[in-house]
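The values are calculated or read from the model by the stated rules, or taken from the named source; none is laboratory data. Nothing here was measured: the structure is a model prediction, and the numbers come from that model. Note that we place each Cβ from the backbone using ideal geometry, even for glycine, and neighbour counts take in every protein chain shown.
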Amino acid sequence: MEGFSWVEWIVLALLSPLVGFVGMFSGGFWGVGCGWLVVPSMLVFFDCTPMQAAGVGLLQMAPSILGPVIKEAPKIGWGKPSIGRNLVMPMALGAFVTSFCGRPINIFFNELCGNKAIFTFFGIFMFVVGYQTLFGKTRKYNDTSPMKFTRMTTVWALIGGFAAGVFSSVLGVGGAMVFRPTLASGFKTSEEDTARATRFLLLSTTITGGATYLLASDQGIDAKILVLAAAIAVGGAIGFPLGVQAHNVVLKAGYANIAQRSFAVICAIVMINAAFSVLGLEEISRYVMFGAAVLLMAFLLLFVWVAKRRLRNPL
């Protein structure tokens, strides 16, 4: 592709799938995206513009999560009333409306209040989410008591979808950063239902949001976004299903509550990234994200190993 040196082609072939695998493994585990890792990788190694990096961060998720989402979709429940109809559908609609206008929203907010103000707000938001994830009351994994849905439930779900679409569009991190806490802490869904619904909703925002960046070039399709997203998706298509399997192992071992609360780790990583950006230390932040990705992968592998031991040797 024009504009790529031979060194960049080698890095593309070796590094991009690895970034996709590591990022989307955690994505599959919690049902979130990995823009927090992909975006700085694009800025550091491939000289992408912030807009291109956000586009890659969104678009690469779609092929990675498509298979598991299709497989799990029937288990969400779509009857009346149900999580699918009363929560997932209005949230997906709200996210579709705002993420479809991804690039214009990104430009508007950057011109309105500047990059630092956006990251300050986002960092505060992730602190609140992380605190609520750690200390808030959540539904148990095997809780079979019926959920009560009202008309206001649907309205609030729609509003949550609007917010998720905006976050996804502006930061390129995927709307799951809003979807997951809204479902788990706001609507008190179980960890199993939260993960399934979040993965489904993530697909809706990444396809529409990524497409707006991909088609933003004056020459039509931005080939750089397309090539990089495809290369990362190669690793993500392997990492995401394995992350889903790892999450299921942890649930079966009885660690659902820990799995749900461990999402605070992602909140902390994103919050640190936002803090560095506000302080004008973007270059340092990008490399900090790489170190965080390695530590996060080690944490998840250890968590799954402990869960498998418990399944083999129950108390």
Notebook entry, point to check: Taking the stretch 274-315 only, how many residues are within 19 Å of residue 121 (Cβ to Cβ) and under 21 Å from the mean Cα position of the chain (by Cα)?
Noted result: 6
Next item on the list: Go through 258, 269 for me and flag whichever is within 19 Å of residue 129 (Cβ to Cβ), crowded, with 16+ Cβ neighbours inside 10 Å and of a type in the set (Val, Ile, Thr).
Entry: 269
Note to self: What pairs come out if I take residues in the stretch 41-57 that are closer than 18 Å to residue 291 by Cα and surrounded by 17 or more Cβ atoms within 10 Å (Cβ to Cβ) and pair them with residues that are among the aromatic types (Phe, Trp, Tyr) and modelled with pLDDT of 80 or more whose C-beta lies under 6 Å away, six or more apart or interchain?
What the structure shows: none
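The rows are residues; the columns are (1) crowded, with 16+ Cβ neighbours inside 10 Å; (2) assigned to a helix (DSSP H, G or I); (3) hydrophobic (A, V, I, L, M, F, W, C).
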{"residue": "235", "(1), (2), (3)": "yes, yes, no"}
{"residue": "243", "(1), (2), (3)": "yes, yes, no"}
{"residue": "277", "(1), (2), (3)": "yes, yes, no"}
{"residue": "290", "(1), (2), (3)": "no, yes, yes"}
{"residue": "294", "(1), (2), (3)": "no, yes, yes"}
{"residue": "297", "(1), (2), (3)": "yes, yes, yes"}
{"residue": "303", "(1), (2), (3)": "yes, yes, yes"}
Checklist line | Hits in the stretch 20-68 - residues which are modelled with pLDDT of 80 or more, over 25 Å from residue 299 (Cβ atoms) and of a type in the set (Val, Ile, Thr) | finding: 56
